[in-house]
Every structure is written in C-alpha cells, then in structure tokens.
1. Rounded to a whole number of µm²/s, how large is the Stokes-Einstein D of the chain at 4 °C and 1.567 mPa s, given Rh as the Kirkwood radius over C-alpha pairs?
2. Over 21 Å between Cα atoms: which of Lys110/Lys190; Lys124/Lys190; Lys3/Lys109; Lys110/Lys155 fall into that group?
3. Compute the separation of the alpha-carbon centres of region 137-163 and region 49-107 and state it in Å as a whole number.
4. How big is the C-alpha Rg of region 17-96 next to the rule-of-thumb value 2.2 N^0.38 Å, as a ratio?
5. Hey, can you grab everything whose amide H is under 5 Å from the amide H of Ala222? Only 5+ residues off in sequence or another chain; H modelled, so Pro and N-termini drop out.
6. From the phi of every residue in region 88-99, what ³J(HN,Hα) in whole Hz does the Karplus formula 6.51 cos²θ - 1.76 cosθ + 1.60 yield, where θ is phi - 60° and glycine or proline is x?
7. Would you please give the FRET efficiency between Lys124 and Leu83, computed as 1/(1 + (r/R0)^6) with r the Cβ-Cβ distance and R0 = 25 Å, to the nearest 0.05?
8. Please list, ordered by chain and number, the residues whose modelled amide H lies under 5 Å from the amide H of Lys88; skip anything fewer than 5 residues away on the same chain.
Amino acid sequence: PDKTGTMLYLNGVSVSFDGFRALNNLSIIVHPAEMLAIIGPNGAGKTTMMDIITGKTRPDDGEVYFDGRTDLTRLDEADIANLGIGRKFQKPTVFESQTVWDNIELALKKPRGVFPTLAYWASKAETDRITEILETVRLSARKDELAADLSHGQKQWLEVGMLLAQDPKLLLVDEPVAGMTDAETVETAKLLKEIATTRSVVVVEHDMSFVRDLGSRVTCLAEGTVLAEGNLDQVSANPLVIERYLGR
Ligand code: ADP
C-alpha cells in the first residue's frame with residue numbers, strides 16, 4: 001500500500017505484552033476528511049491501536065504514518081498531540097466548575113499539552129471560533145451554564161468541542177455514545193459526520209445502530225488484526241464477523 005495522500009497509515013503493526021500479541025500485523029488506512037468506524041470484540045486490540053497512534057505504546061514492528069509523511073513511531077505523545085491528533089477517551093473530562101463557554105476558551109488558548117489558564121481576553125477571532133464550535137457540538141444554548149450541570153451526553157459533546165478547539169486533523173474517539181440517551185446518540189452521529197467533512201475521524205464503537213447512523217467505512221478487528229472491512233452491511237454479513245463478534 002501507498003501512504004501518499006493518507007491521513008493515517010498503519011502497515012503491518014504488531015505489538016506484544018509479555019508474549020501476548022495484542023496487535024498482529026495490523027494494517028489500516030484513513031483518508032483526509034474520512035470517518036472510519038472500528039468494531040470488534042473485547043480484547044481485539046482497538047484500544048492498543050489508539051495507543052499506538054497517539055504514541056502511548058510503541059509498536060514492536062510495522063509502520064505508523066500521519067498525514068502521509070510523519071513517522072509517528074519516532075515521536076513522543078506530546079509531539080504527536082501537537083501534530084494535530086486529538087483523542088477522546090470514553091469518560092468525559094471537562095472542567096466541571098467552569099462554564100461551557102470557558103471550557104472551550106480554555107481549550108482554544110491552551111498550548112497543546114500545557115495546563116491552560118484564562119490569562120487574557122479572547123480576541124474577536126477566538127470568540128468567533130468558540131461560537132462556531134459551540135454550534136457544532138450543539139451547546140450554544142448552554143454556553144453560560146456550568147459544565148457540571150450538563151447531561152452526560154452533553155459533557156461528551158463539550159469534550160469533543162474542546163478537542164475541536166485544538167484544530168486536529170485526526171480525531172480518535174472511543175465509544176462516544178456509551179451512556180447516552182437515544183436522542184443524544186442520534187445527534188452524536190450527526191455531529192461526528194459534520195466534523196468528518198473536514199477532518200479524519202476514527203470511532204471505536206460497540207453500538208451497531210450508532211455505527212449504522214455514522215454511515216462510514218467499517219473495519220472489524222479481532223485478535224489484533226483486520227477481520228473484515230467495508231460498509232456495515234458487508235462487514236456484518238461476513239461469516240467470520242458473525243462468528244467472532246456479532247453472533248456472541
Ligand atoms: P480492545 O480495546 O479491543 O478491547 P485492547 O487493545 O484493550 O482491546 O486489548 C488487546 C489485548 O491486549 C487484551 O488482551 C489486553 O489484555 C492486552 N493488553 C492491552 N494493553 C496491555 C498492556 N499495557 N499490558 C498488557 N496487556 C495489555
């Protein structure tokens with residue numbers, strides 16, 4: 001495979017922990033402004049794959065390239081975040097005692113990887129950007145409320161907004177709709193699709209109706225490698241996927 005023009009390129013990636021092969025010759029490509037949903041059973045290596053991309057874990061073998069040219073295996077976590085790779089963990093982490101607006105402002109002003117402060121007034125460009133982000137994450141009407149007063153789903157959106165404030169080219173999202181209401185889940189699919197019109201998005205998810213709403217390309221992992229790829233209909237009709245994941 002050719003990494004030219006890709007946003008994320010994993011080729012033949014393997015990693016073992018104490019002799020257990022968590023990733024085994026994993027190859028995945030994500031294009032610019034493309035969303036990819038990753039599904040697969042527990043222990044398939046989905047989290048390990050995210051850890052490899054963000055530099056938290058080093059592969060034993062294989063290539064990991066960002067934006068067609070940057071070798072991520074040579075960089076540390078802070079450098080990788082600075083390149084424009086944002087990661088959203090399952091649990092929302094927002095500043096509960098700050099307003100929704102200030103959470104986004106803090107993230108916008110934060111030199112990536114450094115603890116933020118609201119040390120200076122936001123410029124016109126910054127307030128415009130905050131307004132735009134709050135619209136994207138469906139929180140314009142809640143901007144003056146404390147983050148603590150948001151629902152679980154809204155906190156997830158706020159954290160997505162905080163990541164957007166860092167202007168990532170690639171967004172990694174781990175089970176965003178776990179614990180959300182049905183309405184929030186549907187809205188989350190819409191907002192991620194909007195984000196993926198300009199950025200690359202990788203979503204790890206177990207909720208198949210949500211994955212269907214995403215409408216993206218799907219990769220099913222099992223035992224540290226790709227079991228099946230395609231659209232959700234193709235992947236979910238694959239006998240191996242049914243046997244190892246969906247049929248359980
Ligand atoms: P998934 O996210 O798909 O559930 P993981 O990537 O968390 O899968 O795990 C893949 C396998 O690697 C699991 O069997 C897990 O126990 C193992 N594993 C992951 N990280 C570590 C680690 N840091 N040390 C030891 N084993 C690990």
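1. The calculation lands on 69 µm²/s.
2. Among Lys110/Lys190; Lys124/Lys190; Lys3/Lys109; Lys110/Lys155, the Cα-Cα distance tops 21 Å for Lys110/Lys190; Lys124/Lys190; Lys3/Lys109.
3. 20
4. Details: Rg = 13.6 Å, N = 80, 2.2 N^0.38 = 11.6 Å.
Relative to the rule-of-thumb radius for its length, region 17-96 sits at 1.17.
5. Answer set, sorted by chain and number: Leu227.
6. 3J(HN,Hα) across region 88-99, in whole Hz: 10, 7, 4, 7, x, 10, 10, 7, 4, 8, 9, 6.
7. Numbers: r = 28 Å, r/R0 = 1.10.
Using R0 = 25 Å, I get an efficiency of 0.35.
8. Here the answer is Leu172, Val173, Asp174, since their amide H atoms fall under 5 Å of that of Lys88.
No value in this document is a laboratory result; all are computed from the given coordinates. Since the structure is predicted, the reported quantities are computational estimates derived from the model, not experimental observations. FYI the Cβ positions are ideal-geometry reconstructions off the backbone, even for glycines, and counts take in every protein chain you see.
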